[in-house]
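Okay, structure first, notes after.
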Amino acid sequence: MKLASLKRGGRDGTLVVVSRDLARAVAVPHIASTLQDALDDWAAVAPNLAHASTQLNAGPVPGEFAFVPTEAASPLPRAYQWADGSAYLVHVELVRKARGAEVPASFYDDPLVYQGGSDDFLGPCDDIIVPREDMGIDLEAEVAVVTDDVPMGVSPAEAAKHIKLVMLVNDVSLRNLIPGELAKGFGFFTSKPATAFSPVAVTPDELGPAWDGGKVNLPLVSHVRGQKLGAPNAGKDLAFDFPRLISHFAQTRNLRAGAIIGSGTVANRNHAEVGSSCLAEVRTLEQIHHGAPKTPFLKFGDTVRIEMYDAVGASIFGAIAQRVAPLKRPA
């Protein structure tokens, strides 16, 4: 099934079930008012949501309406946890090389992760608001999963059972703020503004054979300024799959229902053929091959589009389609 949250009904939106073709939706207040409510009692609620999905996909249902992505918030407009990995080590190698940093040997055995801000997510079509252009505005196209309650110390095999939903991500980065912030030795904060997620979150079964229990084996397609940036396969060159990432995050804490776990920027080693999922990677490759980067970071007015398609070319999650815009300060 496919689930979304509309921008109405309070801060956490209104939960709707969306048809497989992303054309129609129906609100389900008799089942759960918000996606967080559904996740809090997933075992009891999910069968009822699945029944509503089956009915919607079978034909017209009472109360249905057209699904409009611009009216959607993030599937979880805010979450108790947003923790992101960097599981595609080719991306780690390239981006670190760009800022003159070595990749520690431990990165190849122990996932690189950070905890992001989860109190203010962007809707899939919301503007990326940034105070200044010179902050080095960049997209990062990723895949994420949403869990139910995960106990501390869970093994990767057990962690896989806690994956309930899959989404796409634009984990925006302000590249020119990152070096100074990391030099303080305390991690990202101001260099990682609000994150955007796809219009819908889908249960893994919606992915069919593309979901192998731990990753999505499909290309993730990104466009910047109307031009294709890349389509690396999210199932390739992944050092740590989602069960491994969840197990890592839950080493010393419980993860509560609605926790979002990200893959990090999708990247493949054959980047010359498939392209990239962020501009920092493009600029690093230009530096390596041509002596200097030439592709600019995002400017005000630029657009970003991130989408994934199934085997017959249908959009699975809908598109993250955003525009970069300046912060409007109070007069």
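The values are calculated or read from the model by the stated rules, or taken from the named source; none is laboratory data. Everything numeric here is computed off the predicted structure, so don't read it as measured data. As a convention, Cβ positions derive from the backbone with ideal geometry for all residues, glycine included, and neighbour counts pool all protein chains shown. SASA here: full protein model, heavy atoms, side chains in, ligands and nucleic acids out. Shrake-Rupley method; radii C 1.70, N 1.55, O 1.52, S 1.80 Å.
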(message) Using a 1.4 Å probe on the protein heavy atoms, what percent of the accessible area of the chain belongs to carbon and sulfur?
(response) 53
(request) For residue 320, list long-range residues whose amide hydrogen, built 1.01 Å from N in the peptide plane, is under 5 Å from its own amide hydrogen. (result) 306
(request) In whole Hz, with x marking every Gly and Pro, tabulate ³J(HN,Hα) for segment 209-225 from phi via Karplus 6.51 cos²θ - 1.76 cosθ + 1.60, θ = phi - 60°. (result) x, 5, 9, 9, x, x, 7, 9, 8, 9, x, 10, 9, 10, 10, 10, 6
(request) Compare 80, 108 by solvent-accessible area with a 1.4 Å probe and give them largest first, with all protein chains kept in place. (result) 80, 108
(message) Over all directions, the average projected area of the alpha-carbon convex hull for segment 205-288 comes to how many nm²?
(response) 7.5
(request) Give 97/228; 161/236; 192/294; 192/236; 97/164 a once-over and call out the pairs whose C-alpha atoms are over 31 Å from each other. (result) 97/164
(request) Give a residue-ordered list of calculated ³J(HN,Hα) values for segment 73-89 (Karplus: 6.51 cos²θ - 1.76 cosθ + 1.60, θ = phi - 60°; whole Hz; x for Gly, Pro). (result) 7, 4, x, 10, x, 8, 9, 6, 8, 10, 10, 10, x, 9, 8, 9, 5
(message) Leaving ligands and nucleic acids out of the surface, order 14, 265 by accessible area at 1.4 Å, largest first.
(response) 14, 265
(request) Add +1 for every Lys or Arg and -1 for every Asp or Glu among the other residues with Cβ under 14 Å from the Cβ of residue 12, and state the total. (result) 0
(request) Show which lysines lie in cross-link reach of residue 7 when reach means a straight Cα distance below 22 angstrom and same-chain residues fewer than eight apart are skipped. (result) 328
(request) Give the relative contact order (percent, whole number) for segment 151-283; include only Cα pairs under 8 Å separated by 6+ residues. (result) 28
(request) Determine the order of 88, 114 by accessible area, beginning with the largest, at a probe radius of 1.4 Å. (result) 114, 88
(request) Counting only C-alpha contacts under 8 Å and six or more residues apart, can you give the relative contact order of the chain as a whole percent? (result) 23
(request) Kindly report the accessible area of the chain per residue (heavy atoms of protein chains, probe 1.4 Å, no ligands, DNA or RNA), in Å². (result) 43
(request) Let me have the 222 nm mean residue ellipticity of the chain computed from DSSP H runs of 4+ only, each contributing -39500 (n - 2.57), with the sum over all residues rounded to the nearest 500. (result) -5500 deg cm²/dmol
(message) Can you work out the Karplus-derived ³J(HN,Hα) for every residue in segment 229-246? Use 6.51 cos²θ - 1.76 cosθ + 1.60 with θ = phi - 60°, whole Hz, and x for glycine or proline.
(response) 8, x, 8, x, 7, 5, x, 9, 6, 9, 6, 9, 7, 5, x, 5, 5, 4
